[in-house]
Amino acid sequence: MAEQSRDDARTDVTTANFVEEGLKLCNRYGLHPALLFMEEVGVPRPVALRVLCSPNHYRKQDRRRMPRPARSCAA
């Protein structure tokens with residue numbers, strides 16, 4: 001999963017979608033099936049454990065509608 005700053009929109013949409021699906025599975029079938037699913041589709045284990053074990057920190061939506069523009073390196 002790509003590194004991300006705290007304010008930017010998700011940059012790895014595929015992994016974000018897998019995480020969302022894993023959270024739905026967790027709500028319906030429990031933690032273990034959700035963790036197995038996430039590992040199977042390639043969500044890094046630390047990410048899967050963090051989101052599954054910290055429901056107070058689930059993202060409700062992306063923080064930004066559009067990613068921040070890239071900064072220029074002009075001095």
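The values are calculated or read from the model by the stated rules, or taken from the named source; none is laboratory data. Worth saying up front: this structure is predicted, and the values here are computed from it rather than measured. When we count neighbours, we look across all protein chains shown, and the Cβ atoms used for this are built from the backbone with ideal geometry, even at glycine. These accessible areas exclude ligands, DNA and RNA; they are computed on the full protein's heavy atoms, side chains included. Shrake-Rupley method; radii C 1.70, N 1.55, O 1.52, S 1.80 Å.
Assorted remarks:
- Counting the residues of the range 21-35 that are closer than 11 Å to residue 52 by Cβ, open to solvent by 80 Å² or more (accessible area, probe 1.4 Å) and either out of contact with any helix residue (DSSP H, G or I) (no Cβ under 9 Å at 6 or more places or on another chain) or free of Cβ contacts under 8 Å to residues at least 12 places away in the same chain (or both) gives 2.
- Residue match in the range 12-20 (condition: farther than 14 Å from residue 52 by Cα, at pLDDT below 90 and outside any helix (DSSP H, G or I)): yes
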